[in-house]
1. Spin-label point model (7 Å from Cα, Cβ direction): what's the Ile328 to Leu116 distance in nm?
2. Could you work out the helix-only [θ] at 222 nm for the chain, with each DSSP H run of four or more residues adding -39,500 (n - 2.57) and the total divided by the number of residues, to the nearest 500 deg cm²/dmol?
3. Using a Förster radius of 25 Å, what is the FRET efficiency between Glu148 and Ser29 based on their Cβ-Cβ separation? Nearest 0.05, please.
4. Which residue, Tyr179, Tyr33, Tyr168, has the most motion in a Gaussian network model of the chain that connects Cα atoms within less than 10 Å?
5. Would you mind classifying the chain by shape? Square roots of the alpha carbon gyration tensor eigenvalues, ordered a ≥ b ≥ c; an a/c under 1.5 is rounded, otherwise it is prolate if a/b is larger than b/c and oblate if not.
6. When the Cα atoms of the range 163-314 are enclosed in a convex hull and the volume is divided per residue, what value in Å³ results?
7. On each of the three principal axes of the Cα atoms of the range 234-313, give max minus min coordinate, whole Å, ordered largest first.
8. Using a 1.4 angstrom probe on the protein heavy atoms only, line up Lys169, Lys160, Lys361 by accessible area, largest first.
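The values are calculated or read from the model by the stated rules, or taken from the named source; none is laboratory data. From a predicted model like this one, the values you see are computed outputs, not experimental measurements. Virtual Cβ from ideal backbone geometry, glycine too; neighbours counted across all protein chains shown. Protein only, heavy atoms only, side chains kept; ligands, DNA and RNA dropped before computing areas. Shrake-Rupley method; radii C 1.70, N 1.55, O 1.52, S 1.80 Å.
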Amino acid sequence: MEANSTLTILQNIMLGFAQSTGLSPVTKSPRRYLWTDAFAVCNFLELYDQTQNEQFKQLALQLVEQVHQTLGRHRNDDMRCGWISGLEELEGKIHPTIGGLRIGKQNPERGTNEPLDEYSEWDNDGQYYHYLTKWMHALNQVGMVLQESKYINWAMELAKTIHLKFTYKIPPSIQLFMYWKMSIDLTRPLMPSMGHHDPLDGLVTYQQLQSTKDFAALSSAHQNLSREIEELQNICQGKDWFSDDPLGIGSLLCDAARVAQMTVNGRIKGSELLDILIEAAAVGLNIFNQTNLLSQPPDYRLAFRELGLSIGLKALDSIQELVNEHPIQLITSDKLPKYLNHLTFHAHLANDIETFWLQEKNQNTISWKENQDINSVMLATSLAPNGFLTIFPKTTV
């Protein structure tokens, strides 16, 4: 696809998203959803980088503000009101993430006396760990691109809060565990299990925040995630990250891209984690290919999960480039080149996925329309992924 054509599609998707969700023009009840909005912020930053059009910079900042004002507060149908952190109005505006952020689900969270129904729980509000790490990443991207410290500070405060609330011990063991869904006020778990990649995503995200704040001197000195990083390293020790889910494979590759960037910038030591992530992604992709899911009709497919894989595959070029330029830092065994080559052989799947979901007939299906916001935003990310994938961007202001 030609660059100008891609840019036009990207602009159309993101301006349409801004209008349909109540971002621009602003509506009284904007439709905010934390995962989708994290990708959208990065897409607006990418559009700003490509066009230098102030409109896209402002849309990124307006979206951050609207997410905090909407998902950082209690729901309109909740007896509680104000910031979910419990802070007074002015203090809450200064620290909008310190109480965490709601998912943005349509239904209210499960009540304290209601039994758990795992099927219906997917539609209930609360706080998801892996959505919160995506928002930390988005805030970090804004802070780095625009060189504004408050966004880094907000990301760090969010990390501190959710790490404390989502991790727990079962006495007498000293081993830490994690919940993957908590109540809106972070006082009780809504899903007691741990998400497969949650500790890994948290580890890489915390390292990213620690790395970029030091790199750009953008955060106050007291903001430090060393303890949280060490605790997540302990949780991650010896874990198997294999996944044959396309979104999970894509997440592994996105994490690998961040690890490679931090390593060559001297922010983390060693490349063992990079080897582990690339191998897990390669093995998972091999299994995924055997399912023939990408040959199924659209109503049997979930676009946003496939586009998660596509975004991850788009990271392969930059990972390979870093490996070529910094072999001493990144290559510690023959595993990395071997599995990178295997993944690169299948990189064409990204184009296959994009081409399929760009077709109007496939966007007119129930499977697309039921998740239109997240589908369209992640399609835009896949088409122009640098705003999401590049964590040490050039200053554009």
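1. Inter-label distance under the simple model: 5.1 nm.
2. -19000 deg cm²/dmol
3. Using R0 = 25 Å, I get an efficiency of 0.30.
4. Tyr168
5. On the way: a/c = 1.26, a/b = 1.12, b/c = 1.13.
Rounded.
6. Working: hull volume 23.4 nm³, N = 152.
Measuring per residue, one finds 154 Å³ for the Cα hull of the range 163-314.
7. Taking max minus min along each principal axis of the Cα atoms, the range 234-313 gives 45, 24, 19 Å.
8. Lys361, Lys169, Lys160
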